[in-house]
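Okay, structure first, notes after.
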Amino acid sequence: MSVWPPHPAQSGAPMHAGDLDYFPFPAPSYAIFAFLLLVLFIFIQLGLLRYAYMRIGLSPSAAMLVLFGSLAGSYVNIPVAQLPESQIASDQVIDFFGMSYVVPVVENWPGTIIAVNVGGAVIPALLSLYLLFRNRIWLLGIAATAIVAGFVHLVAHPVKGVGIAVPFIAPPLVAAAVAVLLSRWAAAPLAYISGSLGTLIGADITNLDKLHGLGAPVASIGGAGTFDGIFVTGIVAVLLAALRPP
């Protein structure tokens, strides 16, 4: 654990009960995500990834809007439940498997608040349902999601102060492999669907019983611990579409 680099949630006013919105990563992590978005934007403008996005089932502008919305939406948490805790972590940056997660400064905090992250859960879930409907791959989507969820559940770890965390590279790689094995023609949308829903189910939803005692002020479904894997899954899905022959 460390308290460097500083983060707005650490250097600003403490958060109080009812204030659940904060950026779950230090600034350098967001800089990397933003750089990846910039690279994708440049490739789209050059026409290199335009067809790839159309194969997934989105226009390039819609895809960029979704990815940007996911990144910005990582700030917003919707509370759904609360767990009593005797001791709550505060004002830390916790490292897990090469990623750093911010624990904000909190005061008079009632316990672990379970929330749903807009950028890491709501947007990916809605997009996954859209892709399932548009590509008519319900059975493939259910099978791929079940496989990815089972794997992610095995590698997910309870992390003090954060909640449930997964090695960020595991979901996109497993989702890509499963998608290619199940259906080459639908590999791209299948990778996004299984990587997003599989991570949410396998890491967060099936591990809700492990949150008590971790001391996390906010345990966010699709937030710190899983957001990075879900975000990278979207980029891997585009690369799969670009690599698949016409």
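For a quick check: with amide H placed at 1.01 Å from N, whose amide H comes under 5 Å from V76's, ignoring anything fewer than 5 positions away on the same chain?
It is V118, G119, by chain and number.
What does the extension gain come out to for E107 and A143, with contour length at 0.36 nm per residue minus their alpha carbon separation?
Once the chain is fully extended between E107 and A143, it gains 8.6 nm.
Check V93: other-chain or 5+ apart residues with amide H under 5 Å from its amide H, H built from backbone geometry?
For V93, the qualifying residues are S2, V3, W4, V103.
Amide H to amide H, which residues 5 or more places from T112 or on other chains are under 5 Å from it, using H placed in the peptide plane?
Residues meeting the criterion, in which the H sits 1.01 Å from N, are L83, E85.
Over every pair of different alpha-carbon atoms in the stretch 82-223, take the mean of 1/r and invert it; report that Kirkwood radius in Å.
15.7
For the stretch 59-65, what does the Karplus curve 6.51 cos²θ - 1.76 cosθ + 1.60, with θ = phi - 60°, yield as ³J(HN,Hα) per residue in whole Hz, taken in order and with x for Gly and Pro?
6, x, 5, 5, 5, 5, 5
For the stretch 187-204, in order, what is each residue's ³J(HN,Hα) by Karplus, 6.51 cos²θ - 1.76 cosθ + 1.60 with θ = phi - 60°, in whole Hz (x at glycine and Pro)?
Working through the residues one at a time gives 4, 5, x, 5, 5, 5, 4, 5, x, 6, 5, x, 5, 4, 6, x, 8, 8 Hz.
Throughout, read-outs are computed from the coordinates displayed, never taken from laboratory work. Note that this is a predicted model, so its numbers are computed, not measured.
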